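Enquirer: Shown below is the structure under consideration.
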Amino acid sequence: LEMVTQNMGAGLAFISKDYHTLWANNVLKRIFGDVEGKPCYSTYNPKAEVCPRCGVQEVFEKGSEKVVHEQEGKDIEGNTIWSEIIATPIKDKDGNITAALELVIPITERKRAEEALKQSEERYRAVANSAIDSIITIDNAGIIIGWNQGAEHTFGFNETEILGQSLDILMP
């Protein structure tokens, strides 16, 4: 189990019903330090109580079979990291939930790329909106997804009226 989780680069932990880490693989230990035997909410996120939107809590309290969410946190060195966390129940032979399994997938690089893309889109919009020429953006199906003030002036449609329409509305 350790070798498999190590090679796939994901963290794995077993969490008790009192929210203590029963076991964690080396991936999690490298990110968060010595976590075994400690409350998960104080080691993975320095909190005094169970984290908001905690997937493990939902597994324990609602009996959910799978809870997936993204979470921002800090690693052992204080760096901001992002993880996708998948919480699932661990059950005994009678079907009673005895613990929870958390799979922690690092997504920090993806989050950075999303933020860079968002900033690029904002810069594009600022340039497009300041242009006096008509700038219209369409998707692969010919649906209008971008519309600047120059296009509004040229064609007479405001952005609310035109977004989501086919380009054919402008040039039949």
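Enquirer: Please give the length that would be gained between Asn96 and Glu159 if that part of the chain were fully extended, namely 0.36 nm times their separation in residues minus their C-alpha to C-alpha distance (nm, one decimal).
Expert: 17.2 nm is the gain from fully extending Asn96 to Glu159.
Enquirer: List, in order, the whole-Hz ³J(HN,Hα) value for each residue of segment 153-164 obtained from phi through the Karplus relation with A = 6.51, B = -1.76, C = 1.60 and θ = phi - 60°; use x for Gly and Pro.
Expert: Those phi angles translate into 5, 5, 9, x, 9, 8, 4, 4, 6, 9, 4, x Hz.
Enquirer: Could you work out how far helix 108-130 tilts from the main Cα principal axis of the chain, as a 0 to 90 degree angle to the nearest 10?
Expert: For helix 108-130, the angle is close to 20 degrees.
Enquirer: Please work out, to two decimal places, the log10 of the ratio I(q)/I(0) at q = 0.11 Å⁻¹ from a Debye calculation in which every Cα of segment 1-148 carries one identical scatterer.
Expert: Values, matching the q order: -0.55.
Values in this text are rule-based calculations from the coordinates and carry no lab data. None of the values given here were measured: they were computed from a predicted structure.
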